[in-house]
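Heads up, the thing below is written out as structure tokens.
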Amino acid sequence: MRKIKNGLMLGMCGLAACAMVEPAENAAPVAPVTASSAEAPDIDFQKLYQTWFENIEPFRVVGEGQRGIYFVGTRGLGMYFIPTAQGHIVIDGGMPGQGKQVWDNIVKLGYDPADVKILLNSHAHLDHSGGLAELKELTGATLLASEGDRSALEGGFYLGSEDDASMGAPPVKVDRIIADGETVKLGHVTLTAHLTPGHTRGCTSWTMDAHQGRKPYKTLFFCSASVAANRLVGPVGKTGAQYEGIVDDYRKTFALTKDWKPDIFLSNHPEFFGMAAKQEKLAAGDPLAFVDDSGFPAFIAKMEQAFETALEKQTLKYNAIMKD
């Protein structure tokens with residue numbers, strides 16, 4: 001069993017905070033990550049975060065006929081498939097080695113993954129960007145991302161922790177830069193980009209209308225707003241802030257999103273939006289199981305409170321160190 005180097009433990013524990021969930025104690029065993037994930041050879045990711053690798057059957061979150069939004073991720077990581085007659089869209093690629101898993105899940109849904117034309121990324125952390133290079137190679141799709149995350153995606157690093165290989169991902173070329181408010185159109189689908197930085201410099205959330213019973217439901221794919229492994233205090237550098245302006249970015253995002261009330265709230269970690277309980281309702285025959293306009297406001301309020309608590313703790317610790 002490969003072990004984590006002591007010096008990397010803090011970073012990985014911080015990354016786990018991205019999902020606000022402890023590693024599963026008794027999750028079912030799954031196939032190992034492929035050799036393409038060799039950026040962090042001393043970390044047994046599967047032991048730490050078992051749900052990230054626990055495959056589940058893909059399913060339609062909302063929609064009818066050949067239209068809708070499908071979940072093609074794992075129990076602990078959200079990846080999404082949006083089909084259209086002119087080609088398909090995938091949001092996020094999961095961990096390194098999971099691009100093929102996304103491909104296989106699309107096949108299970110009855111679609112040809114070779115018809116995926118557009119890849120989108122919520123943010124440049126290995127548990128969401130790690131499978132993009134593989135998925136891009138398999139599909140030949142165009143990758144769209146924000147300028148703020150471009151360097152991390154193309155460099156295969158965690159911005160501000162470039163020398164920590166445990167947090168790296170396979171590099172992937174960004175084909176087109178997306179700006180705040182810009183739309184991506186394919187077939188009947190229009191997705192709008194919303195820059196919600198803080199968690200990463202280029203953290204990007206997406207909105208679109210999903211239809212059920214001819215009624216549109218405003219759907220949000222939220223990036224993240226957790227502190228995770230981010231350093232918030234001090235000059236930018238190895239022991240200071242993760243990147244310049246990170247605190248202001250978080251607060252801009254909280255101000256921007258405080259009045260958001262999407263009908264359907266989705267994200268890159270299923271526990272953010274209570275997927276398990278909603279999936280049970282869906283399986284029981286409720287086509288609107290994921291409609292809940294109170295979900296996101298409650299979630300983002302908790303994120304803001306957690307951020308302020310983390311900032312206070314990091315500030316006190318930093319000040320104490322500087323006095324010594």
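A few notes on this one:
- Residues being within 18 Å of the chain's Cα centre (by Cα) and either small (Gly, Ala, Ser) or open to solvent by 30 Å² or more (accessible area, probe 1.4 Å) (or both) - total across the range 273-301: 3
- Selected residue (criterion: farthest from residue 300 (Cα to Cα)) from residues of the range 240-261 that are among the charged types (D, E, K, R) and outside any loop (DSSP other than H, G, I, E, B): 248
- Tally, over the range 34-53, of residues that are at pLDDT 50 or above and assigned to a helix (DSSP H, G or I): 8
- Residue in the range 168-180 that is touching a Lys or Arg at 6+ places or on another chain (Cβ under 9 Å) and surrounded by 20 or more Cβ atoms within 10 Å (Cβ to Cβ) present: yes
- Considered as a group, the residues in the range 55-69 that are at pLDDT below 95 and in a loop (DSSP other than H, G, I, E, B) include one that is surrounded by the fewest Cβ atoms within 10 Å (Cβ to Cβ), and that residue is 65.
- Restricting attention to the range 157-187, the residues being under 16 Å from residue 120 (Cα atoms) and free of Cβ contacts under 8 Å to residues at least 12 places away in the same chain number 3.
- A count restricted to the range 205-239 and to residues that are surrounded by 15 or more Cβ atoms within 10 Å (Cβ to Cβ), more than 21 Å from the chain's Cα centre (by Cα) and assigned to a loop (DSSP other than H, G, I, E, B) stands at 2.
- Condition met for residue 219 (touching a strand residue (DSSP E or B) at 6+ places or on another chain (Cβ under 8 Å), in contact (Cβ under 8 Å) with a residue 24 or more places away in the chain and of a type in the set (Ser, Thr, Tyr)): yes
- Matching residues in the range 254-272 - criterion: being open to solvent by less than 30 Å² (accessible area, probe 1.4 Å) and either among the charged types (D, E, K, R) or over 16 Å from the mean Cα position of the chain (by Cα) (or both): 254, 257, 262, 264
- In the range 300-318, the condition of being among the β-branched types (Val, Ile, Thr), free of Cβ contacts under 8 Å to residues at least 24 places away in the same chain and part of a helix (DSSP H, G or I) is met by at least one residue.
The values are calculated or read from the model by the stated rules, or taken from the named source; none is laboratory data. This is a predicted model, so every value here is computed, not measured. FYI the Cβ positions are ideal-geometry reconstructions off the backbone, even for glycines, and counts take in every protein chain you see. The area values use the complete protein model at the heavy-atom level, side chains included, leaving out ligands, DNA and RNA. Shrake-Rupley method; radii C 1.70, N 1.55, O 1.52, S 1.80 Å.
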